Amino acid sequence: MPKQKFVKTLAVLAPCALLITGLGFAQAQTSEKPAAKPREISQCFRTNDIRGFDNDDRRKLIVETYSGDFYELGLMGGCMDIDHAMKLGFRGRNGSDRVCGGFDAEILYRELGSGRLSRCQVTNVRPFTHEENEARKIEFGRKKPDKG
């Protein structure tokens, strides 16, 4: 290859090599992963996804799903003896197993003493925030508190 043709080829290839190297560097910089966003908590849950429940009083019920989310359910009126219930059943409206808001489900339970089957209407559903979920998991021993 003549020297003059080699210099011309080098003059054309050098800027291309720099451009390709620069693009590779720019791509490497932009491929860094952004900070992970917390998983979005659904407004709804499925009745067959309930892991457990906590019923401190007769006007609200806290349910935990297998995905680790907590929901506060408002209950219609004072549901007698629901605060002593050991087992609950959920019946969705129109046969659905999704609970998203008020009047989507009713809770079935046995009253203490008489064993009579009672029903209690769900009036509203509030998903816990990420912070409330984490605090509840620590409270139930499902997660250790952060040392900090």
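Does GLU131 fit the bill of being exposed (fewer than 14 other Cβ atoms within 10 Å of the Cβ), under 13 Å from the mean Cα position of the chain (by Cα) and not hydroxyl-bearing (Ser, Thr, Tyr)? Step through it out loud before you land on a result.
Details: exposed (fewer than 14 other Cβ atoms within 10 Å of the Cβ): yes; under 13 Å from the mean Cα position of the chain (by Cα): yes; not hydroxyl-bearing (Ser, Thr, Tyr): yes.
Answer is yes for this residue.
Given the conditions (1) closer than 22 Å to ILE41 by Cα; (2) surrounded by 14 or more Cβ atoms within 10 Å (Cβ to Cβ), and given that PHE103 satisfies all but one, which numbered condition is not satisfied?
Unmet condition: (2).
Kindly indicate whether any position in the range 66-77 is more than 24 Å from the chain's Cα centre (by Cα) and part of a loop (DSSP other than H, G, I, E, B).
The initial filter retains those residues of the range 66-77 that are more than 24 Å from the chain's Cα centre (by Cα), namely 76-77.
This time we only want the ones that are part of a loop (DSSP other than H, G, I, E, B), so: 76-77.
Checked against the condition, which is being more than 24 Å from the chain's Cα centre (by Cα) and part of a loop (DSSP other than H, G, I, E, B), the range 66-77 yields at least one hit.
Kindly indicate whether ASN94 is outside any loop (DSSP other than H, G, I, E, B) and touching a residue at least 60 places away in the same chain (Cβ under 8 Å).
Details: outside any loop (DSSP other than H, G, I, E, B): yes; touching a residue at least 60 places away in the same chain (Cβ under 8 Å): no.
Considered against the rule, which asks whether it is outside any loop (DSSP other than H, G, I, E, B) and touching a residue at least 60 places away in the same chain (Cβ under 8 Å), ASN94 comes out as no.
Kindly establish whether GLY102 is at pLDDT 85 or above and outside any strand (DSSP E or B).
Values: at pLDDT 85 or above: yes; outside any strand (DSSP E or B): yes.
So GLY102 passes the test.
Of all residues in the range 115-141, how many are modelled with pLDDT under 85 and more than 18 Å from ARG39 (Cα to Cα)?
Summing the residues that are modelled with pLDDT under 85 and more than 18 Å from ARG39 (Cα to Cα) in the range 115-141 gives 4.
The values are calculated or read from the model by the stated rules, or taken from the named source; none is laboratory data. Keep in mind that this is a model prediction, so the values were computed, not measured. As a convention, Cβ positions derive from the backbone with ideal geometry for all residues, glycine included, and neighbour counts pool all protein chains shown.
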